[in-house]
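A.B. asks: The structure that follows is given in the form of structure tokens.
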Amino acid sequence: MKYIQLKTAIPGPKGQAMLDRRKNALPAGLAKSTEYVVERAEGALVWDVDGNQLIDFAGGIGMINVGHCNEAVVNAIREQAGKYIHTCSLVTTMEPYIELAELLNDSTPGSFPKKTLLANSGSEAVENAVNIAKYHTKRSGILCFEGAYHGRTLLTLSLTSKYALFKKGFGSYVSDIYRIPAPNMYRKLEGMSDGQYIEHCIQNLERALIAQVDPESLAAIIIEPVQGEGGFLSIPAPYLQKLRDICDQYGIVFIADEIQCGAGRTGKLFAIEHSGIIPDMVVSAKSIGAGMPISAVTGKAEIMDAPHLGGIGGTYGGSPLACVAAIEAIKILKSERFLQRSREVGAIIHDTMLSWKEKYAIIGDVRGVGAMQLVEFVKDRDTKAPDMEVAMEVIKDAIGKGLILIRAGLYSNCIRLLPPIVINNEQLKEGLAVLESAIAAAQQKRS
């Protein structure tokens, strides 16, 4: 191994000491996917406190598309910190907020006039988007989808699927939320072609608008163009078009949640661009800040202007330090050179994992768009019964060999790959080799 260099077991002694401190200081419910304790990071590499050099295939759950400690981002933060840190956008006007808003207004799909509200997290951005849509339409209903992850606030947790992991014990939840299945091309109904299954899903959507909710009572439909936590399910363009048509017909706000699938991850700046569908609002976070806590709601000016004066905003929203980081990050993310690299990284991962599928029966599916790729594990390819145990087994094995990985999927039976897109080919192939060795070991145990 050239890039992975292990000096100790994972965790090493210094790492274990820090994990003990974490156990005593932090709530038990704050999960961790690995036993790594970070000292520093650069590009696609991470060093832990015991001196182990690691390859990052998780990217902070898609937060580090431009790489750890991107030089332009770091320099912008340093320069801004020397001027002023924050004066609050509810009290003063700061140019970084305006410049970032202008950049997002110009970059999101649609040629109509737009405005942007900045916040601190994906959850907060989704909450603002939904609240603005409610204010604009004077309606309260929201349509969302199974497998979706939209956040952990009361409203966004109400929108989020995957009940046992995220929602158990935290109810009751916000009312007037309606959830229907999202198209899942891997698990389409037996005997159906892709086209027939998509039409079936559209018919279910139309039925829901009769059986569950009157579309004229819906303020918004919110959807991830490629589901993240749900297992990298790409929503078919005809289905997105049907949603767009319904929104147009009934005056519903179409919200694209691009928090994980946006920021150049799929080979376009926003994942919904692959379909040609233009949403009314786009929610951004994660990699637009290159690791800084910032999120955005960008939408039609007439919708964004709906709330009364003082009805939106927050103390830390539009932090200048986060804004200048996002400005530099987005300049990189939207460049054709970066987007082309995203497509190249995705092609290497996808082609490699397709070859695994030929060799390892525990792999049921390989899917994704651009550099947002995933492998799904099953107990049986015919029944497609999810295998959560093998996914965890593979992750633990790979983590012990110096690869940072995380799971995904409604059944937590998938491994998602979200490496920094600046990763070089040698690092990428080395990480894939580690992952394959873990998969091969898991397959051998079951042969």
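Every number here is computed from the coordinates shown, using simple stated rules; none is lab data. For clarity, every value in this text was computed on a predicted model and none was experimentally measured. All Cβ positions, even for glycine, are placed from backbone atoms using ideal geometry, and neighbour counts span all protein chains on display.
A.B. asks: Taking amide hydrogens as modeled 1.01 Å from N in the peptide plane, which residues meet the under 5 Å criterion relative to K379, leaving out close sequence neighbours?
C.D. replies: Answer set, sorted by chain and number: A385, D387.
A.B. asks: Please identify which residues in the range 244-261 have an amide N closer than 18 Å to a label point set 7 Å out from the Cα of D176, following the Cα→Cβ vector.
C.D. replies: Label zone hits: 247, 250-255.
A.B. asks: Take every Cα-Cα distance within the range 1-140, group them into 5 Å bins from 0 onward, and report for each bin the whole-number percent of pairs it holds.
C.D. replies: Taking all Cα pairs of the range 1-140, the binned fractions are 2, 7, 10, 13, 15, 13, 13, 11, 8, 4, 2, 1, 0 percent.
A.B. asks: Name all residues of the range 383-397 having a backbone nitrogen under 20 Å from the label point set 7 Å from the Cα of E190 along its Cα→Cβ direction, giving them as ranges.
C.D. replies: Once the point is set 7 Å along Cα→Cβ of E190, 383-387 turn out to lie under 20 Å by backbone N, inside the range 383-397.
A.B. asks: So for F270, F57, fewest C-beta neighbours within 10 Å to most, what's the order? Each step should come with its number before you reach the end.
C.D. replies: Values: F270 23, F57 26.
Fewest-to-most ranking of F270, F57: F270, F57.
A.B. asks: So, with +1 on the Cβ of K and R and -1 on the Cβ of D and E, and no other charges, what is the size of the charge dipole of the range 72-333 about its Cα centre, to the nearest 20 debye?
C.D. replies: Around 540 debye, computed over the range 72-333.
A.B. asks: Let me ask something additional. Short version: ³J(HN,Hα) in whole Hz for each residue of the range 215-225, in order, from phi by Karplus 6.51 cos²θ - 1.76 cosθ + 1.60 (θ = phi - 60°), x for Gly and Pro, what are they?
C.D. replies: Karplus-based 3J(HN,Hα) across the range 215-225 equals x, 6, 9, 8, 7, 8, 10, 10, 8, 8, x Hz.
A.B. asks: Taking the Cβ of D176 as the center, what net charge do the other residues with Cβ under 15 Å away carry, scoring Lys and Arg +1 and Asp and Glu -1?
C.D. replies: On the way: positive: K134, K138, R139, R179; negative: E127, D214, E216.
Charge balance in the 15 Å sphere: +1.
A.B. asks: If you don't mind, there's one more thing I want to ask. May I ask what percent, to the nearest 5, of DSSP beta bridges between residues of the chain are antiparallel? Kindly include the intermediate steps, with their values, before the conclusion.
C.D. replies: Details: 35 of 51 bridges.
About 70 percent, rounded to the nearest 5.
A.B. asks: Considering the options T156, L103, G122, tell which one lies farthest towards the positive end of the dipole of the range 73-173, charges being +1 on Lys and Arg and -1 on Asp and Glu at the Cβ, about the Cα centre.
C.D. replies: Among T156, L103, G122, the one farthest towards the positive end of the dipole of the range 73-173 is T156.
A.B. asks: Let me ask something else about it. Just the number, please: Stokes-Einstein D of the chain in µm²/s, Kirkwood Rh from C-alpha pairs, 10 °C, 1.306 mPa s.
C.D. replies: On the way: Rh = 22.6 Å.
Roughly 70 µm²/s, to the nearest whole number.
A.B. asks: Considering only DSSP beta bridges whose two residues both sit in the range 72-333, what percent are antiparallel, to the nearest 5? Show your work: numbers first, answer last.
C.D. replies: On the way: 11 of 25 bridges.
Of the beta bridges lying entirely in the range 72-333, close to 45 percent run antiparallel.
A.B. asks: Provide the per-residue ³J(HN,Hα) series for the range 441-447, in order, calculated from phi with Karplus coefficients 6.51, -1.76, 1.60 and θ = phi - 60°, each as a whole number of Hz, with x at glycine and proline positions.
C.D. replies: These are the phi-based 3J(HN,Hα) values: 5, 5, 5, 4, 5, 9, 8 Hz.
A.B. asks: Here's a follow-up. Among R416, R21, which comes first, second and so on when ranked by fewest other beta-carbon atoms within 10 Å?
C.D. replies: R21, R416
A.B. asks: For the chain, with a Gaussian network of springs between Cα atoms less than 10 Å apart, report the residue from S161, S121, S217 with the top mean-square fluctuation.
C.D. replies: Maximum among the listed residues: S217.
A.B. asks: Give me L159, L165 ranked fewest to most by other Cβ atoms within 10 Å of their Cβ, as a rough exposure proxy.
C.D. replies: Ranking L159, L165 by Cβ neighbours within 10 Å, fewest first, gives L165, L159.
A.B. asks: May I ask you to list the residues of the range 20-64 whose amide nitrogen lies under 17 Å from a point 7 Å from Cα along the Cα→beta-carbon direction of A441?
C.D. replies: From the range 20-64, the list is 34-36, 54-55.
A.B. asks: Under a GNM of the chain (C-alpha, springs under 10 Å), which listed residue has the highest mean-square fluctuation: K331, K23, K188?
C.D. replies: K23
A.B. asks: Sticking with this structure for a sec: Stokes-Einstein at 37 °C, 0.692 mPa s, Kirkwood radius from Cα pairs: D for the range 72-333 in µm² s⁻¹?
C.D. replies: Values: Rh = 18.8 Å.
Using the Kirkwood radius from Cα pairs, D works out to 174 µm²/s.
A.B. asks: Run the simple label-point estimate for A347 and S33 please: 7 Å along Cα→C-beta, distance reported in nm.
C.D. replies: The answer from the label model is 2.6 nm.
A.B. asks: Near K168, which lysines are there with a Cα under 24 Å away, not counting those fewer than 8 places off in the same chain?
C.D. replies: By straight Cα distance, K168 reaches K23, K32.
A.B. asks: What's the percent breakdown of Cα-Cα distances in the range 245-353 across 5 Å bins, shortest bin first?
C.D. replies: The calculated distribution, bin by bin, is 2, 11, 16, 19, 19, 14, 9, 5, 2, 1, 0.
A.B. asks: For a quick check, take a GNM of the chain with Cα springs below 10 Å and name the residue from E389, E426, E206 with the largest mean-square fluctuation.
C.D. replies: Comparing E389, E426, E206 in the GNM, the peak value goes to E426.
A.B. asks: Working out 0.36 nm times the residue gap between F112 and K357, then minus their Cα-Cα distance, what length gain in nm do you get to one decimal?
C.D. replies: Gain on stretching F112 to K357: 83.8 nm.
A.B. asks: Using θ = phi - 60° and the Karplus relation 6.51 cos²θ - 1.76 cosθ + 1.60, list the HN-Hα couplings for the range 423-439 in order, rounded to whole Hz, with x at every Gly or Pro.
C.D. replies: In residue order, the calculated couplings are 4, 8, 5, 5, 4, 4, 5, 5, x, 5, 5, 5, 5, 5, 4, 5, 5 Hz.
A.B. asks: Give me the percent relative contact order of the range 72-333, please, defined on Cα pairs under 8 angstrom at least 6 residues apart.
C.D. replies: Reported relative contact order: 32 percent.
A.B. asks: Project the alpha carbons of the range 9-76 onto their principal axes and report the range along each, largest first, in whole Å.
C.D. replies: Projected onto its principal axes, the Cα set of the range 9-76 covers 37, 26, 22 Å.
A.B. asks: Tell me which residues come under 5 Å, amide H to amide H, from K114 once H is placed; ignore anything under 5 positions away on its chain.
C.D. replies: A301
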